[in-house]
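Only one structure is covered here, and it is reproduced in the block below.
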Amino acid sequence: MGIAAFLLLSPYNLNAQSNKKVKSSMSGNPVFEGWYADPEGIIYGDTYWIYPTWSDLYEKQTFFDCFSSKDLVNWTKHESVLDTAAVKWAKIAMWAPSVISKNNKYYLFFGANDVHPGEIGGIGVAISDRPEGPYKDLIGKPLINENVNGAQPIDQFVFKDDDNTYYMYYGGWGHCNMVKLNDDFTALVPFDDGEMYKEVTPQNYVEGPFMFKKNGKYYFMWSEGGWGGPDYSVAYAIADSPFGPFKRIGKILEEDATVATSAGHHSIMHVPNSEDYYIVYHRRPLGDKARDHRVTCIDKMTFDKDGFINPVKITFEGVKARKIK
């Protein structure tokens, strides 16, 4: 057995698979047990949180679990923080949570029903008093139901800009829109020019948009390739405005044939007042061809001296323990 396989299988590196404290100072990848994809990582206070999709047949995707950690190594599972019982219009295919807090409330945006034109479904929003839920449907209907500019209403990401404006980027089927949210996230509001939807699709975009801001620049990221194939990956652009234009720079996350395949649909966690950035993503175990066998992993993300993102090395070891002070 090679060292990589030992690290992957060692009982000292199983962390949240048993929800017990471990002797390892590394997170290990995957970071917790189970088939989970599309992970949204966020930091609330001194705690890391991950909200993923349950990776299964569409008709079995009727709930969301989430996971919390104080140190990136030991993870606690919080079961069924939102499910179809709490969202009367959602039946199947609950996908890709995006989470944010505001005014001591916690919001979970989600896709449901794999909606096509003429059907009920799309992007919804739920609310809770706690990050671990339980969440309840906020408006009793989808926030976005229709396909606009060719974008299926899925894979939403909510971004708070420095002026306290909340934008949402979303879209499948190779198109990405941005919209502006009202103060309580119950509706969309028009942009200054009167438009409700702006298409911001960059080159090679497929799905899974994500935005963060660093040193005054807007880093826009997305997934490319097919979600079930070896070309699934993450690319990015840098712009001076949240509206772009988003000119593709290149890939920063992709498979490593010695570690895992199909690495994509990511999010970023940045420890406040530090240069520590973590990319949270899903990938497929080597040799596993099952459609829904995807696992959640974390690796470090770094930048070069000019602010460009260095290619991420995907690992079995994961990241070092890191508490938030």
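A short reminder: the numbers here are calculations on the coordinates, not readings from a lab. Keep in mind the model is a prediction, meaning the values are calculated, not measured. So basically every Cβ, Gly included, is an ideal-geometry build from the backbone, and we count neighbours across all protein chains shown.
Could you tell me which trypsin sites (Lys or Arg not before Pro) in segment 269-312 are loop residues by DSSP with no more than 13 other beta carbons within 10 angstrom of their beta carbon? Could the numbers behind the result be given before it?
Values: sites: R283, K289, R291, R294, K300, K305; in loops: K289, R291, R294, K305.
Loop-located and lightly packed - K289, R291, K305.
Quick one: putting +1 on the C-beta of Lys and Arg, -1 on the C-beta of Asp and Glu, what dipole do you get for the chain around its Cα centre, in Debye to the nearest 20? Write out the running numbers ahead of the final one.
Working: 34 positive and 41 negative charges, 203 e Å.
In debye, rounded to 20, the chain gives about 980.
GluC sites (Glu not before Pro), restricted to segment 205-313: which are DSSP loop and have at most 16 other Cβ atoms within 10 Å? Provide the component values of the computation, followed by the final result.
Details: sites: E207, E224, E254, E255, E275; in loops: E254, E255, E275.
Sites meeting the loop and neighbour criteria: E275.
Taking a point 7 angstrom from the Cα of F308 along the C-beta vector, which residues in segment 194-228 have backbone N less than 16 Å away?
219-220
Can you give the Kirkwood hydrodynamic radius of segment 38-197 from its Cα pairs, in Å with one decimal? Could you put the intermediate results ahead of the total?
Working: mean 1/r = 0.0630 Å⁻¹.
When all Cα pairs of segment 38-197 are included, the Kirkwood radius is 15.9 Å.
Give a quick list of trypsin sites (Lys or Arg not before Pro) in segment 28-111 that DSSP marks as loop, anything other than H, G, I, E or B, with at most 11 other Cβ atoms within 10 Å. All intermediate terms of the calculation are to be shown ahead of the outcome.
Numbers: sites: K60, K70, K77, K88, K91, K102, K105; in loops: K70, K88, K91.
Sites meeting the loop and neighbour criteria: K88.
Would you work out which of G194, N145, L57 lies farthest towards the positive end of the dipole of the chain, given +1 charges on the beta-carbon of Lys and Arg and -1 on that of Asp and Glu, about the Cα centre?
L57
Taking every pair of Cα atoms in the chain, average 1/r, invert it to obtain the Kirkwood radius, and report Rg/Rh to two decimals. Mind dumping the intermediate values first?
On the way: Rg = 18.5 Å, Rh = 19.7 Å.
Radius of gyration relative to Kirkwood radius: 0.94.
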